[in-house]
1. For the range 207-258, take the alpha-carbon Rg, divide it by the Kirkwood Rh, and send me Rg/Rh.
2. Suppose each label sits 7 Å from its Cα in the direction of the beta carbon; what would the residue 431-residue 552 distance come out to in nanometres?
3. Can you give me the C-alpha center-to-center distance between the range 629-652 and the range 316-388, rounded to a whole angstrom?
4. May I ask you to order 386-392, 585-591 by the average number of other C-beta atoms within 10 Å around their residues, highest value first?
5. May I have the pair-distance distribution P(r) for the range 307-450, computed from all Cα-Cα distances with 10 Å bins from 0 and rounded to whole percent?
6. Efficiency by 1/(1 + (r/R0)^6): what FRET value for residue 97 and residue 618, r their Cβ-Cβ distance, R0 = 25 Å, to the nearest 0.05?
7. Return the FRET efficiency for the residue pair residue 176, residue 395: r is the Cβ-Cβ distance, R0 is 41 Å, and the value is rounded to the nearest 0.05.
8. When the helix-only estimate is applied to the chain (DSSP H runs of n ≥ 4, each -39,500 (n - 2.57), divided by the residue count), what is the mean residue ellipticity at 222 nm, nearest 500 deg cm²/dmol?
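Readers should treat all values here as calculations from the given coordinates under stated rules, not as data from a laboratory. Quantities reported herein were computed from a predicted structural model and do not represent experimental measurements. A quick note on method: Cβ atoms are made from the backbone with ideal geometry, for glycine too, and the neighbour counts reach across all protein chains shown.
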Ligand SMILES: Cc1cc2nc3c(=O)[nH]c(=O)nc-3n(C[C@H](O)[C@H](O)[C@H](O)COP(=O)(O)OP(=O)(O)OC[C@H]3O[C@@H](n4cnc5c(N)ncnc54)[C@H](O)[C@@H]3O)c2cc1C
């Protein structure tokens with residue numbers, strides 16, 4: 001049999017649901033008399049959409065069956081290898097013999113198994129964490145890498161620097177400790193470092209349209225990755241001499257080595273993305289020049305690259321550094337004279353990185369002074385622990401009053417007591433007691449208090465700003481008030497994290513692709529995830545959480561060597577087996593939510609285009625019962641020919657595989 005296809009004519013479907021009922025009756029997998037109606041699995045559903053999804057289309061309901069995707073994510077994610085695409089017909093099938101329902105036990109609750117596991121639900125990039133952890137448990141690292149990179153082009157970087165919200169509500173915490181997900185991801189993703197094992201996605205047919213991206217940080221490069229995958233010609237421009245944004249010039253090498261960054265960026269270059277460094281928007285290029293050069297859309301991902309000032313006396317003395325400049329100069333290999341003693345001012349992660357870098361740049365004694373009490377410090381707990389472990393002294397509750405001078409350079413800092421940092425509304429509003437003063441001698445001071453963006457180009461180009469001074473963009477589509485201009489990452493959200501910038505870059509790519517194709521930008525974008533809360537815990541691997549091997553503090557002196565050493569393969573497999581399999585990997589990976597879980601049988605189910613019937617020369621039941629002949633079934637090439645005859649248009653947004661929608 002040749003490759004088959006189903007075509008749904010959106011102008012003919014009247015949303016009567018006859019096909020849904022016929023499908024349930026034919027493929028009944030649950031006792032309808034016992035089940036709550038809402039819990040009955042179905043393979044087809046009829047969705048009501050916002051009017052105007054497709055211009056000139058009057059209908060607002062349509063049928064959503066399995067799309068039999070070209071590259072099915074459910075197939076990649078199944079640790080049992082139970083899902084495959086039949087090579088001759090293109091039908092995606094679940095093998096009931098191999099499917100274990102992700103270890104669904106008879107007592108496991110079917111409704112819960114249909115939900116999203118907290119690791120995926122809490123990940124800003126919505127990676128199918130359970131899927132890759134389960135693949136890793138079986139040693140299927142290459143498959144796991146592909147699954148991760150469906151959602152995140154920088155997993156080896158995230159495996160080192162992510163604040164891993166995936167671990168925060170891990171169901172395993174109810175038993176003992178969360179699964180060490182980030183360390184597992186890091187091991188898998190290090191396959192990207194080797195040209196033999198790295199994963200470079202397949203690029204779809206080349207498109208003529210060009211997209212420009214300003215900023216080669218994680219937001220800009222992620223967007224470049226997904227747009228290049230769609231076939232667009234993508235040019236990234238960045239003012240720095242290196243690509244990577246804050247990943248290159250903010251996060252120090254002892255947490256994120258350069259070769260890791262370079263390996264993951266080189267995949268993007270190899271996908272055909274041109275990254276031009278040393279090019280500044282507002283100086284070398286402008287929005288007008290990009291338009292003249294034929295770019296259809298622009299994504300602004302310019303981040304926050306300026307450090308805030310304290311505005312106190314002596315701030316410009318020699319010996320006073322801005323934290324971001326210091327980290328950037330250190331990353332770019334510039335010589336920096338720290339002296340014996342250094343004081344860092346600030347309580348966030350950038351301040352901790354400045355302090356640990358100052359130590360590596362030669363300062364013998366480094367003190368971090370901040371307004372906040374220890375439990376109010378914005379730095380992550382692990383970062384504070386790292387600083388203390390390396391002998392950084394942390395002094396809480398002081399604010400700088402003035403920088404003192406001797407022989408034309410910095411000699412000390414006078415501080416006043418900070419009595420409170422936040423007001424009753426929780427806003428930053430520090431109060432001081434200027435009678436309680438402290439002087440600390442120092443050779444250098446590093447100010448690491450806030451991150452600011454550059455706004456000149458925005459003001460000159462008519463880009464709207466928010467009241468907080470960020471670029472304004474629609475929160476869902478990231479479109480600015482200039483139709484062809486999109487903005488995301490830190491420059492829109494304020495200071496966030498790498499994985500949040502990745503999530504933003506991904507959304508920008510979806511919007512830009514839709515914008516260029518003239519498809520509604522906001523349809524189906526809201527992400528509401530129903531997360532698993534009741535997990536089967538009667539049986540589990542009793543192993544304790546594996547601990548990350550780290551360099552000892554004395555081994556870190558005077559060098560920027562990576563502190564965390566990574567898990568071994570044995571550790572990864574053992575750790576991955578601790579996963580409680582809250583949900584089902586395939587259900588969580590399906591972009592169309594068409595896979596169902598059968599509580600009684602403990603298996604996943606989905607539309608197989610009524611294989612039994614088509615092999616017997618009959619139509620799938622939905623096509624047979626459709627009263628308006630809105631569903632057509634046949635050989636792929638023939639169906640495609642019918643689709644375009646009489647001037648009908650294939651609605652490509654939904655035609656991901658064998659399923660064609662026409663209007
Ligand atoms: C010191 C420090 C440590 C951090 N540590 C962590 C961490 O451990 N984990 C974590 O998840 N996050 C961390 N972060 C935060 C994280 O790095 C950022 O949230 C993330 O990089 C933001 O990504 P972005 O793409 O929006 O912007 P950026 O990474 O800032 O990239 C923006 C890019 O735009 C370029 N650009 C700006 N203006 C122009 C212009 N006019 N023309 C051309 N190019 C321009 C810049 O040169 C830059 O390369 C850290 C941040 C800092 C400062």
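1. With Rh from the inverse mean 1/r over Cα pairs, Rg/Rh is 1.06.
2. Label-label distance for residue 431 and residue 552, simple model: 4.8 nm.
3. Between the Cα centres of the range 629-652 and the range 316-388 lies a distance of 63 Å.
4. So the order, starting with the most tightly packed, is 585-591, 386-392.
5. Going out from 0 Å in 10 Å bins, the range 307-450 shows 12, 44, 35, 8, 0 percent.
6. E between residue 97 and residue 618, to the nearest 0.05, is 0.50.
7. 0.70
8. Calculated mean residue ellipticity at 222 nm is -7500 deg cm²/dmol.
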